[in-house]
1. Given the residues ILE66, ILE123, which is the only one that is among the hydrophobic types (A, V, I, L, M, F, W, C) and in contact with a Pro (Cβ under 9 Å, 6 or more places away or on another chain)?
2. Can ARG70 be described as of a type in the set (D, E, K, R) and surrounded by fewer than 16 Cβ atoms within 10 Å (Cβ to Cβ)?
3. Count, please, the residues in segment 20-70 that happen to be in contact with an Asp or Glu (Cβ under 8 Å, 6 or more places away or on another chain) and either free of Cβ contacts under 8 Å to residues at least 24 places away in the same chain or among the charged types (D, E, K, R) (or both).
4. Got a sec? Which of LEU191, LEU88, LEU109 is crowded, with 16+ Cβ neighbours inside 10 Å, within 23 Å of PRO325 (Cβ to Cβ) and assigned by TED's automatic domain parsing to the domain that holds ARG305?
5. Could you name every one of the helices (runs of 4 or more DSSP H) located completely within segment 58-143 that has at least 1 residues being over 31 Å from the mean Cα position of the chain (by Cα)?
6. Take segment 69-102 and flag every residue that is among the polar types (S, T, N, Q) and modelled with pLDDT of 95 or more.
7. Considering only residues that are touching a Gly at 6+ places or on another chain (Cβ under 8 Å) and aromatic (Phe, Trp, Tyr), which ones fall in segment 331-355?
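The values are calculated or read from the model by the stated rules, or taken from the named source; none is laboratory data. This one's a predicted model, so the numbers in the text were calculated from it and none came from an experiment. A quick note on method: Cβ atoms are made from the backbone with ideal geometry, for glycine too, and the neighbour counts reach across all protein chains shown.
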Amino acid sequence: MDQPRTLRQGYLYVLLDKALWQAYQVTPEGALRQFNPFAMPRAKPQPLSEKCIKADHVTPASFININTARHSEAWIAFSSDPWSESVLHRYEIGFGQDKTSLEPRFLKLDLKAARNDPASVGIAMTEDALQVDQQVLEYASPTAGDFNSVHGFCTRNHRLEALRGFVRVQAQCEHLPNGVLAVVLPDPVGLVQEINHQRAGWVRERQAFEADPANHYKFFTSETLKRLRELCKQAADDFVPDRPNAGWEIMPSEAGSPPIFGDPARERAEQVEHKAQSLIARLDERYDEAARAAWEKTFDAARDRLQQQVDQMAELYESQIRHDPLFRLIERYDYDARNVYSVAAYIQTLELCLRGGITEAPP
């Protein structure tokens, strides 16, 4: 969860010197397609054409160019959904209606440092040390393996040489001796969606384990046998009368000494225990209790391991969705209640954050 990834499908907004907006659609492959920030898109970003992909346009399209001679700072933010004009205006001002500072929504980038000392503000990629091939999942791994991401997985491991060539050319043409900058942007909404997806995935795995025909049959057989053992004890308790030796509760002494008082409760308990053991012994003749108990221990351990994974994801999910201030800021200020497309986007995005329901351990 902590490993950086390439940008997922969404939108990238750049505010230069708190005055000039730039906006980019992020395609499913993670490529950037510039658009007019004041013309809010109504459709999801479309993939690159096959022709562009075969021509390896993905690599150069993963970078943005900023004139560092003209601009001194850039405020950069990733969003799941496009911003309306009123949202752009709100972020340009930098304050909400309640005077809440909106600056935490953006990564503030000193463009002079980004050009001259990229390592001080992010990942400095050089021809000899790309770094992203070790740090970024899509570059580091040719496949997703058993990681099923809610945002999909589009490997770039096979494009490392193309990236190396691009970095070499940019470093030479733009005079970047210390490398080309790659920045890691916060994406709390995407993180919540991913955690929630993994949480639901572990729930499905636990359910599949429990629903496996072999486990299902053995589990209910085991529970039935355990219940039968309890019923043996109940039957023994019902069989023995409340006062089994009422006639001898007071026993006279043959030597003429004071009478001996019996303990009816103790005597009854002994008789109940004897009867219960007799019934259970008959039950034990029909199956192997040690084997049943051993299977139950193994089954419970496997189910508990799966539930532990569910609970760990649930704790992380609860922490992110309730206590991450940036998530709360995005939920409140990225959307425009007076724009029908923004409202629809809000509903769809939050639905993906909340999908799945309660995942606590069953009683």
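1. Working: ILE66 fails: in contact with a Pro (Cβ under 9 Å, 6 or more places away or on another chain).
Answer to the selection: ILE123.
2. yes
3. Step one: of segment 20-70, the residues in contact with an Asp or Glu (Cβ under 8 Å, 6 or more places away or on another chain) are 21, 30, 38, 40, 47-48, 53, 58.
Then drop every residue that is not either free of Cβ contacts under 8 Å to residues at least 24 places away in the same chain or among the charged types (D, E, K, R) (or both), which leaves 47-48.
Matching residues across segment 20-70 total 2.
4. Going through LEU191, LEU88, LEU109 in turn, just one is crowded, with 16+ Cβ neighbours inside 10 Å, within 23 Å of PRO325 (Cβ to Cβ) and assigned by TED's automatic domain parsing to the domain that holds ARG305: LEU191.
5. 85-93, 111-116
6. The first filter runs over segment 69-102 and keeps only residues among the polar types (S, T, N, Q), leaving 72, 79-80, 84, 86, 97, 100-101.
Of everything in segment 69-102, those that are among the polar types (S, T, N, Q) and modelled with pLDDT of 95 or more turn out to be SER72, SER79, SER80, SER84, SER86, SER101.
7. TYR333
So that you can scan it fast, the table gives a plain yes or no per residue for (1) surrounded by fewer than 18 Cβ atoms within 10 Å (Cβ to Cβ); (2) outside the structural domain of ASP311 (by TED's automatic domain parsing); (3) within 30 Å of ALA290 (Cβ to Cβ):
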| position | (1), (2), (3) |
| --- | --- |
| ASP146 | yes, yes, no |
| ARG156 | no, yes, no |
| HIS175 | yes, yes, no |
| ASN196 | no, no, no |
| GLU210 | yes, no, yes |
| PRO213 | yes, no, yes |
| PHE220 | yes, no, yes |
